[in-house]
């Protein structure tokens, strides 16, 4: 073997040893017990210990009620642990939400999961010395001197559940929590930034929680509101399906009708507004959101309750249970109405409007866009050479191409040169070896 051949062999061996020494050794051996700690209006901090070396990638998987999606959070892992902080002062989370979390490590093609864990995001603000009592399937929570009102809400919740189950032909799917707030500030902080200023109570069916504000209205109003909100949760259970939520007018209409088990007051309100030329709305227009404003919002609630009363009077209370069962099977709004009443939705809507002596509302055609009224300056002469030399405009040199930049070489060109150099060395090694073999054999 010639001197050049021996040198090349030694260089190749040294390079191989260097590559082997530099190769990372995957020694991740699993997760410790995952932990989490929450402070309301501030954060939820998730942590987990890592056994062995840090893997290539560590992620946190988060899930919350009401969603089948998993939120994947990349994390920075170092020093034998991984952590992630959810800033709830920015990314709002409703109190009493159960957050399910799990850690995932990825090392090459392998994936390792930690045990699942759950944390309840509680309203633990200083001064809210929560006390609790359970009444049937409802647990009421209060602070300060609100015990009597809280227990009354628990009694009303039991009444609302029983009546809702009878109307909707279903059973409550699980326990319910009711939180009673004495302070307006405390109440609206719990509801979050999306709450309207006139709100006095709120139901969050996905987390099976109701929030009540003692200053939201009179005692009679709050008792009616309690029935209304608990009915929302029964309705949620009665229509739960993986496809879509029922129309808002129906959800709110059933909750409003259930306040007194009667829709005559709502029907009278709709009739008076129809006589004044104020509605009713198209049902498609209030299928997702209600208008903002006293009249629009009030009319939407009343119209929903009036339609529920309309269906019950003509098709019996059993029609409502047939409707909710249809939703559970994945029916659309129109299909559920037809299954409940035996009448196509369009005909049912037309009969409802005829009851109030009005025509069915029609879509409003958009007005064509008017021509622009902005005065545009006339274009002057254009310098083919650009703006260089124009008064008040600095001269700008064109950007050089990457290959022309001094002292720089495109990455692809560098890779090509290195590849050719390696190939040339390999060819030389082969030629030298062959020549040495021929000399030895000669």
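The values are calculated or read from the model by the stated rules, or taken from the named source; none is laboratory data. As the structure is a prediction and not an experimental result, all values here were calculated from the model. Positions of Cβ are generated from backbone atoms using ideal geometry, with glycine treated the same way; all protein chains shown enter the neighbour counts.
Total residues in segment 166-198 satisfying the condition of being touching a strand residue (DSSP E or B) at 6+ places or on another chain (Cβ under 8 Å) and more than 16 Å from residue 124 (Cα to Cα): the figure is 4. Does segment 131-145 contain any residue that is closer than 19 Å to residue 41 by Cβ and at pLDDT 95 or above? Yes, some residue in segment 131-145 is closer than 19 Å to residue 41 by Cβ and at pLDDT 95 or above.
Residue-wise test of (1) in contact with a strand residue (DSSP E or B) (Cβ under 9 Å, 6 or more places away or on another chain); (2) modelled with pLDDT of 90 or more; (3) in the same structural domain as residue 190 (by TED's automatic domain parsing); (4) in a helix (DSSP H, G or I).
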site: 5; (1), (2), (3), (4): no, no, no, yes
site: 11; (1), (2), (3), (4): no, no, no, yes
site: 49; (1), (2), (3), (4): yes, yes, no, no
site: 85; (1), (2), (3), (4): yes, yes, no, no
site: 92; (1), (2), (3), (4): no, yes, no, no
site: 99; (1), (2), (3), (4): yes, yes, no, no
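So which of 293, 217 ends up being without any contact (Cβ under 8 Å) to a residue 40 or more places away in the chain and surrounded by 14 or more Cβ atoms within 10 Å (Cβ to Cβ)? Residue meeting the stated conditions: 217. Out of all the residues in segment 13-47, which are modelled with pLDDT of 90 or more, within 22 Å of residue 115 (Cβ to Cβ) and part of a loop (DSSP other than H, G, I, E, B)? Those that are modelled with pLDDT of 90 or more, within 22 Å of residue 115 (Cβ to Cβ) and part of a loop (DSSP other than H, G, I, E, B): 32, 33, 34. The residue that is surrounded by the most Cβ atoms within 10 Å (Cβ to Cβ), counting only those in segment 82-109 that are touching a residue at least 40 places away in the same chain (Cβ under 8 Å) and more than 30 Å from residue 176 (Cβ to Cβ), is 103. Scanning segment 263-276 for residues that are buried (at least 18 other Cβ atoms within 10 Å of the Cβ) and not in a helix (DSSP H, G or I) yields one hit, 263.
If you go through segment 329-359 and keep only what is farther than 20 Å from residue 279 by Cβ and touching a residue at least 60 places away in the same chain (Cβ under 8 Å), you end up with 329, 330, 332, 336.
Residues checked against (1) touching a helix residue (DSSP H, G or I) at 6+ places or on another chain (Cβ under 9 Å); (2) within 20 Å of residue 66 (Cβ to Cβ); (3) modelled with pLDDT under 95:
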| residue | (1), (2), (3) |
| --- | --- |
| 226 | yes, no, no |
| 240 | yes, yes, no |
| 258 | yes, no, no |
| 266 | yes, no, no |
| 272 | no, no, no |
| 290 | yes, no, yes |
| 297 | no, no, yes |
| 308 | yes, no, no |
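Would you confirm whether or not segment 65-81 contains a residue that is modelled with pLDDT under 95, outside the structural domain of residue 211 (by TED's automatic domain parsing), in contact with a helix residue (DSSP H, G or I) (Cβ under 6 Å, 6 or more places away or on another chain) and not in a strand (DSSP E or B)? Within segment 65-81, one or more residues are modelled with pLDDT under 95, outside the structural domain of residue 211 (by TED's automatic domain parsing), in contact with a helix residue (DSSP H, G or I) (Cβ under 6 Å, 6 or more places away or on another chain) and not in a strand (DSSP E or B). For segment 223-244, a tally of residues being surrounded by 18 or more Cβ atoms within 10 Å (Cβ to Cβ) and part of a loop (DSSP other than H, G, I, E, B) returns 0. Of the residues making up segment 338-347, at least one is in a helix (DSSP H, G or I) and surrounded by 20 or more Cβ atoms within 10 Å (Cβ to Cβ).
Among the residues here, residue 205 qualifies as under 23 Å from the mean Cα position of the chain (by Cα), assigned by TED's automatic domain parsing to the domain that holds residue 234 and under 29 Å from residue 320 (Cβ atoms).
Within segment 245-262, none of the residues are exposed (fewer than 14 other Cβ atoms within 10 Å of the Cβ), assigned to a helix (DSSP H, G or I), touching a residue at least 12 places away in the same chain (Cβ under 8 Å) and more than 23 Å from the chain's Cα centre (by Cα). The residues in segment 119-145 that are outside any strand (DSSP E or B), surrounded by fewer than 19 Cβ atoms within 10 Å (Cβ to Cβ) and either at positive phi or without any contact (Cβ under 8 Å) to a residue 60 or more places away in the chain (or both) can be counted, and the count is 8.
Restricting to segment 277-290, name every residue that is in a loop (DSSP other than H, G, I, E, B) and surrounded by 14 or more Cβ atoms within 10 Å (Cβ to Cβ). Result: 279, 280, 281, 282, 287, 290.
Of the listed requirements (1) in a helix (DSSP H, G or I); (2) touching a helix residue (DSSP H, G or I) at 6+ places or on another chain (Cβ under 8 Å), residue 155 misses just one: (2). Only one entry in 211, 187 is assigned to a helix (DSSP H, G or I), within 22 Å of residue 91 (Cα to Cα), within 23 Å of the chain's Cα centre (by Cα) and at pLDDT 95 or above, namely 187.
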